[in-house]
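Undergrad: Take a look at this one; I'll ask things after.
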Amino acid sequence: MNVTLELVADYIANSRKIAVLTGAGTSAESGVPTFRAQGQNKSAQAPLWEKYDPSELASPSGFKRHPDLVWQWYDWRRNLVESVSPNAGHHALAALEKLYHPQPRTFTLITQNVDRLHHRAKSQNILEMHGNIVSFRCFDHGHQAGEVERSLPSPPLCNDGQCHSKLRPNVVWFGESLDSAVLDAAMAAARQCDVFIAIGTSALVQPAASLPYIAREHGAKLVEINLERTALSENVDAFLQGRSGDVLPSLVDLVKAHPRPV
Ligand code: APR
């Protein structure tokens, strides 16, 4: 592993544009369950929710059919993510980005996560491909809502004038398209970067799963950090096996100590 870690540190120290894609594995060490449980990882649902299919809960049709159930599921997940803290991996990514700030270099953090832990770790240039679960808008007209009371049994109603539509989380549901500006920016970052690092993602869900391949097609070095090999692993230049909360701080230390400081 150390040889590969040094190789990746060299990639980064010599790069001018980095793009990072994070998935649920990046938040696992904070206590946020991943979606496709492997090994010791729990599923994204506590036992209370295990009998439901997430795509049934995380979809416009599911919300229309079961507004109270969907609202309570997101309330449970929101309370969970707000009760945990960013882990060493989140902080390492924020530190790596800081190494770039004074330079005409770019660091783009593309996340599939909806927990806002990268924001809380003070990362700056973040693209939330799947939105987030800690802010809300109304279902019918998209009016953004302010702070929402916790543990309500039903979705509160929009108080924007006479709207009164039910509130929903600002998350991308199954069957919904991503924010086009976010997607365009993520695609551009993948095309323009010279190093692309995929961290804690099963690399299965589109369109995020295409980003590493786009980067590679445009000549970037492709790095993967994961507990185990994924569908992406055979296509990468360097595979760093381990917990992101362990690997990332070690990687940042090597970059800082690199003879060609970033
Ligand atoms: N460090 C690094 N990798 C980890 C860790 C860890 N501590 N823990 C788990 N992993 C890896 C797993 O091996 C797995 O490859 O993280 C990955 C998590 O995969 P998923 O649960 O599929 O999460 P993700 O890839 O983010 O899912 C993508 O699917 O359901 C949708 O919208 C949802 O954004 C999500 C998308």
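The values are calculated or read from the model by the stated rules, or taken from the named source; none is laboratory data. Computed from a prediction, not measured in an experiment: that's the story for all the values here. Reconstructed Cβ throughout: ideal geometry from the backbone, glycine too, with neighbour counts over all protein chains shown. Calculation scope for accessible area: heavy atoms of the full protein, side chains included, ligands and nucleic acids excluded. Shrake-Rupley method; radii C 1.70, N 1.55, O 1.52, S 1.80 Å.
Undergrad: Determine, yes or no, whether LYS221 is surrounded by fewer than 17 Cβ atoms within 10 Å (Cβ to Cβ), outside the structural domain of ASP53 (by TED's automatic domain parsing), closer than 22 Å to VAL247 by Cα and not aliphatic (A, V, I, L, M).
TA: Details: surrounded by fewer than 17 Cβ atoms within 10 Å (Cβ to Cβ): no; outside the structural domain of ASP53 (by TED's automatic domain parsing): yes; closer than 22 Å to VAL247 by Cα: yes; not aliphatic (A, V, I, L, M): yes.
No.
Undergrad: Continuing with the same structure: I'd like the residue in segment 49-65 that is loosely packed, with under 13 Cβ neighbours inside 10 Å and at pLDDT 90 or above and, out of all such residues, is nearest to the ligand (Cβ to nearest atom).
TA: Only one residue fits best here, namely SER61.
Undergrad: Could you give me the residue pairs with C-beta distances under 7 Å whose first residue belongs to segment 225-243 and is more than 24 Å from ASN87 (Cα to Cα) and touching a residue at least 12 places away in the same chain (Cβ under 8 Å), whose second residue is in a helix (DSSP H, G or I) and open to solvent by less than 60 Å² (accessible area, probe 1.4 Å) wherever it lies, and which are 6+ apart or on separate chains?
TA: Listed pairs, sorted by first residue: LEU232/PRO212.
Undergrad: Next up: All but one of (1) closer than 14 Å to VAL20 by Cα; (2) surrounded by 20 or more Cβ atoms within 10 Å (Cβ to Cβ) hold for ALA185; which doesn't?
TA: Looking at each condition in turn, ALA185 falls short on (2).
Undergrad: Within segment 224-247, work out how many residues are open to solvent by less than 20 Å² (accessible area, probe 1.4 Å) and more than 23 Å from ALA121 (Cα to Cα).
TA: 3
Undergrad: Another question, if that's okay. What is the number of the single condition among (1) touching a residue at least 12 places away in the same chain (Cβ under 8 Å); (2) more than 16 Å from the ligand (Cβ to nearest atom) that ILE197 does not meet?
TA: (2)
Undergrad: Out of the residues in segment 100-118 meeting the condition of being away from the ligand (no atom under 16 Å from the Cβ), open to solvent by 30 Å² or more (accessible area, probe 1.4 Å) and not hydroxyl-bearing (Ser, Thr, Tyr), tell me which one is modelled with the highest pLDDT.
TA: Looking only at segment 100-118, we keep the residues that are away from the ligand (no atom under 16 Å from the Cβ), and these are 100-108.
Checking which are open to solvent by 30 Å² or more (accessible area, probe 1.4 Å) leaves us with 101-104, 106.
Filter once more, keeping what is not hydroxyl-bearing (Ser, Thr, Tyr): 101-104.
Working: HIS101: 64, PRO102: 61, GLN103: 63, PRO104: 71.
Filtering segment 100-118 for residues that are away from the ligand (no atom under 16 Å from the Cβ), open to solvent by 30 Å² or more (accessible area, probe 1.4 Å) and not hydroxyl-bearing (Ser, Thr, Tyr), the one modelled with the highest pLDDT comes out as PRO104.
Per-residue answers, yes or no, for (1) of a type in the set (Gly, Ala, Ser); (2) modelled with pLDDT of 95 or more; (3) open to solvent by 30 Å² or more (accessible area, probe 1.4 Å); (4) within 16 Å of the ligand (Cβ to nearest atom):
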site	(1), (2), (3), (4)
PHE35	no, no, yes, yes
LYS42	no, no, yes, yes
PRO47	no, no, yes, no
PRO67	no, yes, no, no
ASP75	no, no, no, no
VAL84	no, yes, no, yes
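Undergrad: (1) among the aliphatic types (A, V, I, L, M); (2) in a loop (DSSP other than H, G, I, E, B); (3) crowded, with 18+ Cβ neighbours inside 10 Å: which one isn't true of LEU152, the others all being true?
TA: Evaluating LEU152 over (1) among the aliphatic types (A, V, I, L, M); (2) in a loop (DSSP other than H, G, I, E, B); (3) crowded, with 18+ Cβ neighbours inside 10 Å leaves (3) as the failure.
Undergrad: Could you check segment 235-256 and list, in sequence order, the residues that are among the β-branched types (Val, Ile, Thr) and either within 12 Å of the ligand (Cβ to nearest atom) or modelled with pLDDT of 95 or more (or both)?
TA: If the condition is that a residue be among the β-branched types (Val, Ile, Thr) and either within 12 Å of the ligand (Cβ to nearest atom) or modelled with pLDDT of 95 or more (or both), then VAL236, VAL247, VAL252 are the ones that fit.
Undergrad: Just one of (1) within 14 Å of the ligand (Cβ to nearest atom); (2) open to solvent by 10 Å² or more (accessible area, probe 1.4 Å) trips up ALA209, so point out which.
TA: (2)
Undergrad: Could you check how many residues of segment 160-188 are within 9 Å of CYS138 (Cβ to Cβ) and assigned to a loop (DSSP other than H, G, I, E, B)?
TA: Step one: list which residues in segment 160-188 are within 9 Å of CYS138 (Cβ to Cβ), which gives 160, 163-168.
Restricting the remaining residues to those that are assigned to a loop (DSSP other than H, G, I, E, B) gives 160, 163-165.
Qualifying residue count for the region: 4.
Undergrad: I would also like to ask the following. Out of (1) part of a loop (DSSP other than H, G, I, E, B); (2) farther than 27 Å from ALA13 by Cα; (3) modelled with pLDDT of 95 or more; (4) not β-branched (Val, Ile, Thr), the odd one out for ASN132 is which?
TA: All conditions are met except number (1).
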